[in-house]
1. If I stretch the segment between residue B:480 and residue B:237 completely, what's the gain in nm (0.36 nm per residue apart, minus their alpha carbon distance), one decimal?
2. Sort segment B:12-156 into rounded, prolate or oblate with this rule: let a ≥ b ≥ c be the square roots of the eigenvalues of the Cα gyration tensor; rounded if a/c is under 1.5, and if a/c is not under 1.5, prolate when a/b is larger than b/c, oblate otherwise.
3. To confirm my reading of the symmetry, which residue of chain A has the Cβ nearest the axis that brings A onto B, and what whole-Å distance does it have?
4. Could you tell me how far the Cα centroid of segment B:330-363 sits from the Cα centroid of segment A:64-87, in Å?
5. Calculate the spin-label point distance for residue A:230 paired with residue A:326, positioning each point 7 Å from the Cα along the beta-carbon direction, and give it in nanometres.
6. Over segment A:5-101, what is the relative contact order in percent, taking alpha-carbon pairs closer than 8 angstrom and at least six residues apart?
7. How big is the Rg/Rh ratio for chain A, C-alpha atoms only, Rh by Kirkwood, two decimals?
8. Name the shape class, rounded, prolate or oblate, that the alpha-carbon gyration tensor gives for segment A:259-391, where a ≥ b ≥ c are the square roots of its eigenvalues, rounded holds for a/c under 1.5, and otherwise prolate holds if a/b is larger than b/c and oblate otherwise.
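Values in this text are rule-based calculations from the coordinates and carry no lab data. A quick note: this is a predicted structure, and the numbers were derived from the prediction, not measured. Cβ sites come from the backbone with ideal geometry, for glycine too, and all protein chains shown count toward neighbours.
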């Protein structure tokens, strides 16, 4: 407690604390709206001032959170009887400890360095010039090490980074799970790569007019996945994303390519999975720090479930093929539900993570995880990174990037200081199957999913995952919903079942 | 000065003050974006939480402004050498005095009462039931009187209300100007009303497809008035408005009626006038309280100039008729530039303010000004208001509303507590002509305007009006730009010149 004049005021109930947390949540919603607007509708000349405005609101929220009165309120709060209030205090104290452990100078230095690194990365990727980005990448890893030192950790500095995206998860756990996944799926990938094509893929690049593409993507998002224009909108942006300003104000974006419809369809359903997670968070958590996903991995499990486990399933295309054929008669000419299902599940080891299929995707992630661990530990030098990247690509996927732009420079993450973030994509993939299996243990859910109906599944997800927001940890949610901790088992079984069938490997 | 711990910190330069003012300005921009989004793209179910978020950000800005540190910084600030800094201190001290004179309980009571009055007004207008709105209207005028008492005034409580919208203007001045305007234009209106039609008006209701309407409205806004998609957007909303989040982030909205194109065309050009004002404000005032219009009246002078003085001029339609005819061939069939010019300048005494022409519009305002003065003074009772309204309508315009919904209940303003606001519309009309006359005193501007080119005029407006933002008062701007204080002279002369010609009254 400080001796500031406010300390005379009561800290005996949570009302003042909640009022401050509402303000912070509202500031965060405003910043998110500014960001959404920037990517969708903002006129180009507005960019400079918009950047200043967003930084200013973020700074104001940080000031509110690190002001002495917040410490007093958190220290002086009574132990709540209410479970939600108890979770709120637990999570806010954790966030607060993280926020107050960082010296202001460090935050400023990092912010400047990230900004410079981001611009350097854009230029480096454009010019295929890794060397010009290398000093910035070194700085990002140096800052990550210092960040971990400020936050503290028991086993590995990576734990302190990962915890921001996947609370409670440790690098050691990720290593074990990823090694298991790699050892069990690499042989499958090798067999698929050696097998003949499972379908004629030429339909994927037939023209599908944009308006019809959009209408079909939205129709399915609504009918199958429960999205509604009452509480959501779909717009276009250069990079698809989902954001929300409340559980009834969900914004998703997608991008369209007339001659490659999978991009917009699966992209829209992916973001719909994220959106429906936010929509399912309990109204009791409204405008508080609990009103968000439990982790990036849990969030990704919901988007991947809609995009891949459901949207790329045979049952789904049996049900929606007639609507697809009506929306895109030229694409569907001479095509069956089965051949479309096979086409959208093409496995092809390739260079770019964001375009990877269900089998190869995780290898892109495992490669990044291994490299960022080594860089953080100092056992790999930044100068050696492109070579290490290309060697791993060859080892895992049998391809070698013809340029660093299509290799080590392809992702924005490291340039933005997002180190420890990549594993959450694969955690999401693994969890998506583990959750779907648990839901389908209820026969009526399994029966519906076989008919490509997802109403009961969505109720189950809301009950077991969505409603809790951040009030439970990912590990608690996973254990309670599926009966066991996260592992690669369900995902491996899913891949074998689906792709041995598709590629005639049985 | 308080004895809070912060008082030990220096107040010797303006940097901390400016940082706080930037934060307040950014909060205000965020709230404006939330409001724009609410009227354009927000999904309907989001409304409840959006209302809470906007109120929360407004409350936070108020807390920053009324915190003890702000008083210290304003009291302790050195006298700046820089003119802009001096204006900043002057305006912020004035705003601060107003904000701190109101007790918190008054602000809360008023906010609640306005909310109730607004909902009561919506229902009353729908049901044509003035009696159900009357107690709320009484409350609004009671609160207005108490507001004036809190703020203080020399001559009339109305001055304290008017000052919020038209800084420095007094009710006594408005009375004199309005009486002059009324006495000189009522005879003109009577002669017009007795004259035969100036044109065949049937073209105004011919179908003009919406996409083409929009494209033409935008094309003219860009080509004639300088709007650019680089720093602006046009969207649709139920009620047209203009807002901005910086001088390079202007948002205007309009509404479209396929069988009444004047609504979207003149509406778009009206909002373009507002937008170009904000665009012209000096970048040196960015993210400060000086970055806004000098007053509502000065703002309206810019919108009315584009909409009416230019957009409804003969020269304008001579120039843009070919483009109009290309955009709307069915409307333009058998129509000439001259007949279109005459049609869009139809004078018709009627019931509704927002649809009124250049001659009758100000009578709608004068009526409201007189009535709100009497209500504030207590010489008119709320119960007597509908009768007084209808009598004035008959006296000024020769029409009597068939219902209160089309009479005293037509405007939102009083239900929102906006008392003292209406005169700014007519002040804007008067000032628009006074400014345009002053600009046209430069022969090269007059010559351009005769060709419906407005580049030099816009430069003149930026130099004499826009750039100053709120750093000069409306009276200072008016005097410096036109050489004399605001009066009805220029507007009266304009009306006579235009409408004696149109209606063959010479």
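1. 83.8 nm
2. Values: a/c = 2.82, a/b = 1.54, b/c = 1.84.
Note, shape of segment B:12-156 comes out oblate.
3. Nearest-to-axis residue on chain A, with distance in whole Å, is A:30, 2.
4. So the two Cα centres are separated by 63 Å.
5. 2.3
6. Relative contact order, segment A:5-101: 41 percent.
7. Result: Rg/Rh = 0.96.
8. Verdict is oblate for segment A:259-391.
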